[in-house]
Amino acid sequence: KQGGATLDELFLKSMQTFQATSISESTANLTRHYEQAGGFSFVAPSGWQGKDMPGMKFKAWVGQPENDFAPNIVVVDEQFDGSLNDYANENIKSAKVVFQKMAVIKRENFQTHEGKGAIFIVTQNRQQGMELRQSFFFFGNGNQKYVVTCSALKQGGATLDELFLKSMQTFRVQ
């Protein structure tokens, strides 16, 4: 739970927010984005914009919209007393209840550029009539856990997998 909302509610809210989001200007900024309140940072994909979104604690990073959907990166943090693996399992279990036609395509352990262990899970699901491909990246620092959800349309979404992975390899817990 984060600020009275469950992760499931935040996932749904974030998906509603990103439908037909337009970008007013593009930037080619490859600088590290710091979320002081969240204690993390990462390098967002080139040309993506950080946006404050209603109901979201941290900026969301939004790419160029296509077919009424903007690919996006959303970070949620919460306290969780279990292992990172247990945290990932609980999140996917919840997502399977909330999202229609939820299928796990791939699950891997990976390391950030700084050598910190993380978990990467690629899924496909249906939300609000849209077929999506979502990559979930799980990071932890003791009891503080982070799930970064990278969303794209299912059709063509695999082409963003490498972009999402490269961005998340720069994820750093401060």
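Numbers for the structure displayed
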{"quantity": "Cross-link table Lys57/Lys96; Lys57/Lys106; Lys59/Lys166; Lys51/Lys106; Lys96/Lys154, entries beyond 26 Å C-alpha to C-alpha", "calculated": "Lys57/Lys106; Lys51/Lys106"}
{"quantity": "Distant-in-sequence amide H partners of Glu131 (H built 1.01 Å from N, under 5 Å)", "calculated": "Lys154"}
{"quantity": "Dipole magnitude (debye, nearest 20) for segment 21-152, charges at Cβ of Lys, Arg, Asp, Glu", "calculated": "260"}
{"quantity": "J(HN,Hα) series, segment 115-122, from Karplus relation 6.51 cos²θ - 1.76 cosθ + 1.60, nearest Hz, glycine and proline x", "calculated": "x, 7, x, 8, 10, 10, 10, 9"}
{"quantity": "Extreme residue, positive dipole direction of segment 56-103, given options Val76, Ala88, Pro65 (C-beta unit charges)", "calculated": "Pro65"}
{"quantity": "HN-Hα J in Hz across segment 79-91 - Karplus 6.51, -1.76, 1.60, θ = phi - 60°, x for Gly and Pro", "calculated": "7, 8, 7, x, 6, 4, 4, 5, 4, 4, 4, 5, 5"}
{"quantity": "Rg [Å, one decimal], Dmax [Å, integer] - segment 51-145, C-alpha atoms", "calculated": "14.3, 40"}
{"quantity": "Amide proton proximity set for Ile105, modelled H, under 5 Å, gap of 5+", "calculated": "Val122, Thr123, Gln124"}
{"quantity": "Karplus (6.51, -1.76, 1.60) ³J(HN,Hα), θ = phi - 60°, over segment 63-75, in Hz, Gly and Pro reported as x", "calculated": "x, 5, x, 8, 6, 6, 9, 9, x, 8, 10, 10, 10"}
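Bear in mind that the values in this text are calculations on the coordinates, not laboratory data. Please read all numbers here as calculations on a predicted model, not as lab measurements. Because the Cβ atoms are built from the backbone with ideal geometry, glycine has one as well, and the counts that use them run over all protein chains shown.
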